[in-house]
Amino acid sequence: MADRGKREPTLGVREIDGVEAAGAKVRMLGTSLPVYAYSTDGLLIDTGPTRLEQVFMPFFRDRRIDRLAVTHVHEDHCGQAAALQAEKGVTACVPRGAEERALRRARLPLYRRIFWGPRPAFAPEAFPDRIETERHTFEVVRAPGHTRDHVCLFESSRRWLFSGDVYTRSQPSLIFGEEDVPELVRTLNRLLELDVGTLFCAHAGVVEDGWRALATKRDYLLRIGEQVRHYRKLGYSLKRIDRVLFPKKPAMTRISLGEWSSLNLVRGAASLSEVGDQRSEIGIQYRK
Ligand SMILES: [Fe+2]
């Protein structure tokens, strides 16, 4: 992604096996985060935030977009849905249960309004079970955890998984307050039953060995769960465990007033015993 020199964000576009990955970085107070939208065969998966509208919109204008698929209604995934509907009249599919929220302008904490920009109201349709384009069939897979109604899109003949915010990174040190860690582990386990090849992530970009990436994240979360349970048995509070496991606190935790924090991860991991210790063979590398 080209974003050197000037602080103005620029769009990097890369084509992988018929999918165009368009990405740019949002920066604020020393923090930066890449964000990607994916376009293939008339389908756009996620839009990026309104703060990057001027960066993304020329790309959107130049593409055939018949339909927009929104993995979840966070502002960095559908911020530009309203503008795209005004510009191209596209249908916007959202997860079942998220239609009401899409119909209203999102009420966001100040830091998110500044970081991503507002998320205007747009006209949603609930996802069907699968989306057919001229060349592809995308199964809509329920993938709760990051949000309750998050979905992924899986194209089995190409082994593509469009994962929204299920992955983001293999070993996150902080997570969003809304995330449900046991639910996320169950989702990762279900996704690992699919024959995933390339992962198209909204923040990590294109990950070639998607299955291994998902397994690494699932095993990491289980390992944090084990560590949390170990310290709980020694009588440590969750805050103390957080300080032991994650002594460095990134700027985002302060900026977000704790909405993004390692404490969220520790709290969520504390209930992981209910999920069961389902490891892949890759998990063995974490055993000491
Ligand atoms: Fe999200």
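Among the candidates Gly48, Gly79, the residue that is free of Cβ contacts under 8 Å to residues at least 40 places away in the same chain and surrounded by 15 or more Cβ atoms within 10 Å (Cβ to Cβ) is uniquely Gly48.
So is Arg243 more than 25 Å from Ala213 (Cβ to Cβ), at pLDDT 90 or above and basic (Lys, Arg) or not? Yes, satisfied. Contact map, the range 211-231: residues that are farther than 17 Å from Leu192 by Cα paired with residues that are modelled with pLDDT under 95 and part of a helix (DSSP H, G or I), Cβ distance under 7 Å, separation 6+ or inter-chain. Pairs shown: Arg223/Tyr286; Gly225/Leu272; Gly225/Ser273; Arg229/Ser273. Counting only residues that are in a loop (DSSP other than H, G, I, E, B) and within 12 Å of Leu191 (Cβ to Cβ), the range 142-158 holds 4 of them.
Tell me, yes or no, whether the range 74-92 has at least one residue that is within 16 Å of the ligand (Cβ to nearest atom) and either of a type in the set (D, E, K, R) or more than 24 Å from Thr168 (Cα to Cα) (or both). Yes, there is a match, as at least one residue in the range 74-92 is within 16 Å of the ligand (Cβ to nearest atom) and either of a type in the set (D, E, K, R) or more than 24 Å from Thr168 (Cα to Cα) (or both). Scanning the range 1-24 for residues that are modelled with pLDDT under 95 and closer than 16 Å to Met57 by Cα, we see that the one that is surrounded by the fewest Cβ atoms within 10 Å (Cβ to Cβ) is Glu8. In the range 190-203, of all residues being within 14 Å of the ligand (Cβ to nearest atom) and buried (at least 19 other Cβ atoms within 10 Å of the Cβ), the one that is nearest to Leu108 (Cα to Cα) corresponds to Ala202. Scanning the range 102-149 for residues that are under 19 Å from Thr198 (Cα atoms) and within 16 Å of the ligand (Cβ to nearest atom) yields a count of 2.
Checked against the criteria, Thr187 counts as free of Cβ contacts under 8 Å to residues at least 60 places away in the same chain, over 26 Å from Ala251 (Cα atoms) and within 16 Å of the ligand (Cβ to nearest atom). With respect to the stated conditions, Pro58 fails to be crowded, with 16+ Cβ neighbours inside 10 Å, in the same structural domain as Phe154 (by TED's automatic domain parsing) and not hydrophobic (A, V, I, L, M, F, W, C). Looking at this structure, is Phe115 out of contact with any Lys or Arg (no Cβ under 6 Å at 6 or more places or on another chain) and within 27 Å of Gln54 (Cα to Cα)? Here the answer is yes, as Phe115 does meet what is asked.
The values are calculated or read from the model by the stated rules, or taken from the named source; none is laboratory data. Computed from a prediction, not measured in an experiment: that's the story for all the values here. Reconstructed Cβ throughout: ideal geometry from the backbone, glycine too, with neighbour counts over all protein chains shown.
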